[in-house]
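See structure below.
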Ligand SMILES: C[S@@+](CC[C@H](N)C(=O)[O-])C[C@H]1O[C@@H](n2cnc3c(N)ncnc32)[C@H](O)[C@@H]1O
């Protein structure tokens, strides 16, 4: 294994988890910056050619984990690996953001759902080759159908 090192930090409008939209129909259109540390900034070369990025980050403010627990979406217990819960054995977050622009080592993005100062571990271009009709969304589809 390896010891993860942040490549940068999220500059987010959210300073408290209670202000981040949650639950059914939550929209994530908050804007902010991904501030990449100067020693890793060369790795941003060519990144603006992509519209969206995967951001891999650390739930640094969550403690412990719960293997089965309720979500804010439907209040029904689900296995942690069937949810996006912050309380996971390895506290890694994955968020897709839209790139709005770049100034040197800062990427201006839309779609943040993480707190100010959240450590970023990696960025990768967003790509999906899975046709919409092949996707199944399990308990989420059930919750959305119930409204
Ligand atoms: C449901 S998780 C989903 C995160 C990501 N999109 C994912 O799927 O891994 C988003 C929630 O994580 C919590 N959160 C955000 N930043 C955090 C941080 N740095 N440490 C702990 N919890 C955080 C907030 O409560 C936020 O509403």
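Taken together, the values in this text are just the output of simple stated rules run on the coordinates, not laboratory data. In this text the structure is predicted, and so the values were computed from the model without any measurement. Counting neighbours? That spans all protein chains shown, and the Cβs are built from the backbone with ideal geometry, glycine included.
Observations on the model:
- Put the Cα centre of segment 44-58 next to the Cα centre of segment 69-119 and the gap is 15 Å.
- Working value for segment 46-147: equivalent-ellipsoid semi-axes of 27, 20, 11 Å, each the square root of 5 times a Cα gyration tensor eigenvalue, largest first.
- Among 96, 68, the order by Cβ neighbours within 10 angstrom, fewest to most, reads 68, 96.
- Computed from the Cβ-Cβ distance with R0 of 22 Å, the FRET efficiency linking residue 41 to residue 87 stands at 0.10.
- Ratio Rg/Rh [Cα only; Rh per Kirkwood] for segment 105-147: 1.10
- Highest GNM mean-square fluctuation among 53, 107, 67, for the chain modelled with Cα contacts below 10 Å: 67.
- Most fluctuating residue given options 122, 74, 113, as computed from a GNM of the chain linking Cα atoms under 10 Å: 74
- Extension reserve of the residue 137-residue 24 stretch, reckoned as 0.36 nm per residue once the Cα distance is removed: 39.3 nm
- Share of pairwise Cα separations in segment 47-98, more than 16 Å, in percent: 50 percent
- Fewest-first ordering of 80, 97 by other beta carbons within 10 Å of each residue's beta carbon gives 80, 97.
- Relative exposure of 9, 2, 81, judged by other C-beta atoms within 10 Å (fewest first): 2, 81, 9
- Between 84, 102, 137, the GNM of the chain built on Cα springs shorter than 10 angstrom shows 137 fluctuating the most.
- Calculated FRET efficiency for the pair residue 61/residue 31, C-beta based, R₀ 22 Å, to 0.05: 0.55
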